[in-house]
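Notes for the one structure printed next.
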Amino acid sequence: MKKVIQILSDAGIGGGQVLLLDILQNWKNEAIEQVLITDIKGHYLSDFQQTSHRVYSIDFSASVFSILYHLCNILRKEQPDYVHNHFLRATFLGSIAARIASKAIVYNQLHSIISDSDAPSWKKNLYNTCLKILARKQCHFISVSKYSVRQMMKLSIPAEQLHTIYNGVKTTDFPFSPKDYLVGEPLKLLFVGRLATEKGVKYLIQAMQKLQAEAIQLSIVGEGDLRETLETQVAQNQLENSVFLGFQKDVRSLIAEHHVIVLPSLWEAFGIVIVEGMAMGKTIIGTKVGGIPELLIDEKGGYLCPSADEDALCKAILKIQKQPERLAEFGAFNRARFLKLFTLDRTINELETLYEK
């Protein structure tokens, strides 16, 4: 039997946390034992603790030396074949601990890519330097899109240390749920994600300002630092067509109730809500950034727009409103594409293949 230790330095709200939780809850390969090291706090901590796998909790907000001490003790005790790190803190500290206390092969899962972010140059340079050092220490990297792999290759990281595994969702959790739309009724749009700069929500709201005369409604699901700013933007423009619903742990019923999923990101390594929408047969509007074009095929599953462009978003929304018959066409295409590329079973199978090499 082989043993994998997953190290998750943030058990809070996010797509990476949900993905790992889904993987652990649906892991069936008894030849590969899963063990989890996670933070002592976080929205999903209790969910991780309720899986059938052994769980250790340590304080990832403590000092670097304290974290390394606890990680090394656990790794010496468990002696895993693989250490699979998630998120920045785990990537660096988990990799160091693995090299000190075990002979494990190290995989670092990059749920996002810093090169496209608005982080200061010094931070990007430091991050990239650390990745290069880890690569020289024979660490491997799992990226959620081919785009992310290409960004990593710019750092001269060898291709054999880079692996693309798309995020997936459980087929039965996101059933095909097309929603009929009749001209004259409201076209219902849904955004799901963190209310942060990179999600580009302000441009979607600006598009909704231009669509006030149309029968179009926007539901905004999520929390984040920009919520108050975005709510002010909606209030100042008296937008009755846009509503904030806050964080929702389960978005399936909301996806089912809407016609279109919109993700207007400025940068995005993947975009799990797109996959969830595809699974349920929804039309998608996304931006031409990061890994999104690997998910959404323009004119076949919806529309790809330039980022930070409210006019392009507005045009795409109106296209759908004026051609409602395409909703069914786009939805069926997206469901078929989801079943081919983005199921949780496929994600787990590719991880098993990686671990068994």
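Mind listing just one residue for me: the one in region 68-93 that is within 21 Å of the chain's Cα centre (by Cα) and not aliphatic (A, V, I, L, M) and, of those, nearest to TYR355 (Cα to Cα)?
Within region 68-93, the match that is nearest to TYR355 (Cα to Cα) is HIS84.
Which number in (1) buried (at least 23 other Cβ atoms within 10 Å of the Cβ); (2) under 18 Å from LEU218 (Cα atoms) marks the one condition that GLY301 misses?
(2)
So which of VAL183, VAL243, VAL201 is buried (at least 20 other Cβ atoms within 10 Å of the Cβ) and aliphatic (A, V, I, L, M)? Steps first, please.
Details: VAL183 fails: buried (at least 20 other Cβ atoms within 10 Å of the Cβ); VAL243 fails: buried (at least 20 other Cβ atoms within 10 Å of the Cβ).
When all the criteria are applied, what remains is VAL201.
Which condition number does LEU230 fail, the rest of (1) crowded, with 23+ Cβ neighbours inside 10 Å; (2) in a helix (DSSP H, G or I) being met?
Of everything listed in (1) crowded, with 23+ Cβ neighbours inside 10 Å; (2) in a helix (DSSP H, G or I), LEU230 misses just condition (1).
Against the conditions (1) among the aliphatic types (A, V, I, L, M); (2) surrounded by 20 or more Cβ atoms within 10 Å (Cβ to Cβ); (3) over 26 Å from VAL221 (Cα atoms), where does VAL192 fall short? Just the number, please.
For VAL192, the exception is condition (3).
Taking region 300-323 on its own, how many of its residues are of a type in the set (A, V, I, L, M, F, W, C), touching a residue at least 12 places away in the same chain (Cβ under 8 Å) and touching a strand residue (DSSP E or B) at 6+ places or on another chain (Cβ under 8 Å)? Give the derivation first.
First, the residues of region 300-323 that are of a type in the set (A, V, I, L, M, F, W, C): 304-305, 308, 312-314, 316-318, 320.
If we keep only those that are touching a residue at least 12 places away in the same chain (Cβ under 8 Å) too, we end up with 304-305, 308, 313-314, 316-318, 320.
Still in the list and also touching a strand residue (DSSP E or B) at 6+ places or on another chain (Cβ under 8 Å): 304-305, 313, 316-317, 320.
Residues that pass the stated criteria total 6.
Residues in region 37-63 that are more than 15 Å from ARG89 (Cβ to Cβ) and over 20 Å from the mean Cα position of the chain (by Cα): how many? Spell out the reasoning first.
Looking only at region 37-63, we keep the residues that are more than 15 Å from ARG89 (Cβ to Cβ), and these are 43-56.
Next, only the ones that are over 20 Å from the mean Cα position of the chain (by Cα) stay: 46, 49-56.
Counting residues in region 37-63 that are more than 15 Å from ARG89 (Cβ to Cβ) and over 20 Å from the mean Cα position of the chain (by Cα) gives 9.
Could you tell me which residue of region 177-218 is nearest to VAL243 (Cα to Cα), considering only residues that are in a strand (DSSP E or B) and modelled with pLDDT under 95? Walk me through how you get there before you give the answer.
First, pick out the residues of region 177-218 that are in a strand (DSSP E or B): 183, 185, 187-192, 216-218.
From what's left, modelled with pLDDT under 95: 183, 185.
On the way: VAL183: 22, GLU185: 17 Å.
The residue in question is GLU185.
Within the set of pairs 6+ apart or on separate chains, which have a first residue in region 59-76 that is touching a residue at least 12 places away in the same chain (Cβ under 8 Å), a second that is surrounded by fewer than 18 Cβ atoms within 10 Å (Cβ to Cβ) and part of a helix (DSSP H, G or I), and C-beta atoms under 7 Å apart?
That search, which allows pairs on different chains as well, returns CYS72/ILE100.
Run LEU218 past the list (1) crowded, with 23+ Cβ neighbours inside 10 Å; (2) under 16 Å from the mean Cα position of the chain (by Cα) and report the number of the one that doesn't hold.
Status for LEU218: all satisfied but (2).
The values are calculated or read from the model by the stated rules, or taken from the named source; none is laboratory data. Not measured: the values here are computed from a predicted model. Neighbour counts are summed over all protein chains in view; Cβ atoms, including those assigned to glycine, are modelled from backbone coordinates with ideal geometry.
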